[in-house]
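Working notes, structure below.
The values are calculated or read from the model by the stated rules, or taken from the named source; none is laboratory data. The structure displayed is predicted, hence computed values, not measured ones. Cβ placement follows ideal geometry from the backbone for every residue including glycine, while neighbour counts extend to all protein chains displayed. Ligands, DNA and RNA are stripped out before the accessible areas are found, and what is left, the full protein with its side chains, is counted by its heavy atoms. Shrake-Rupley method; radii C 1.70, N 1.55, O 1.52, S 1.80 Å.
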Amino acid sequence: MISLASILSALFLILGSILLGYGILTDGDPMYTKSLGMNLNVIWGSVVFCVGGLFGLGNWLSNQIPKKEKR
């Protein structure tokens, strides 16, 4: 069965990569003058991508712990 952490990890990694890619492709665009020149797509894309990586890492680590047998 697929765990919730793996689904969330995949969703956050996909959304983060989309935001990050769009921010990189539109770097230097005049639309960023409204946000004080900061490329918020790159910033939030990186944050969301890292959260997805943490979910994936947590899921992987929880699968490494041996399960106790039920009696």
Taking the simple approach of a point 7 Å from Cα along Cα-to-Cβ for both residue 6 and residue 26, what is their distance in nm? 3.4
Values of log10 I(q)/I(0), in the order q = 0.13, 0.18, 0.21 Å⁻¹, for the chain under a Debye, Cα-only, solvent-free model: -0.49, -0.71, -0.83
With each pseudo-label sitting 7 Å past Cα toward Cβ, what's the residue 71-residue 34 distance in nm, one decimal? 6.5
Excluding ligands, DNA and RNA, the carbon-plus-sulfur percentage of the accessible area of the chain with a 1.4 Å probe reads 72
Which value, in Å², gives the accessible area per residue of the chain when a 1.4 Å probe is used on the protein heavy atoms? 82
Would you mind calculating the relative contact order of the stretch 1-56 from Cα pairs under 8 angstrom and at least 6 residues apart, reporting the percent as a whole number? 57
Relative to the first principal axis of the alpha-carbon coordinates of the chain, what is the inclination of helix 4-25, with its axis defined by its Cα atoms, in degrees from 0 to 90 and to the nearest 10? 20
Measuring from the longest principal axis of the C-alpha atoms of the chain, the long axis of helix 40-64 (C-alpha) lies at a number of degrees, nearest 10, equal to 10
Which one of 35, 17, 46 has the biggest mean-square fluctuation once the chain is modelled by GNM with Cα springs under 10 Å? 35
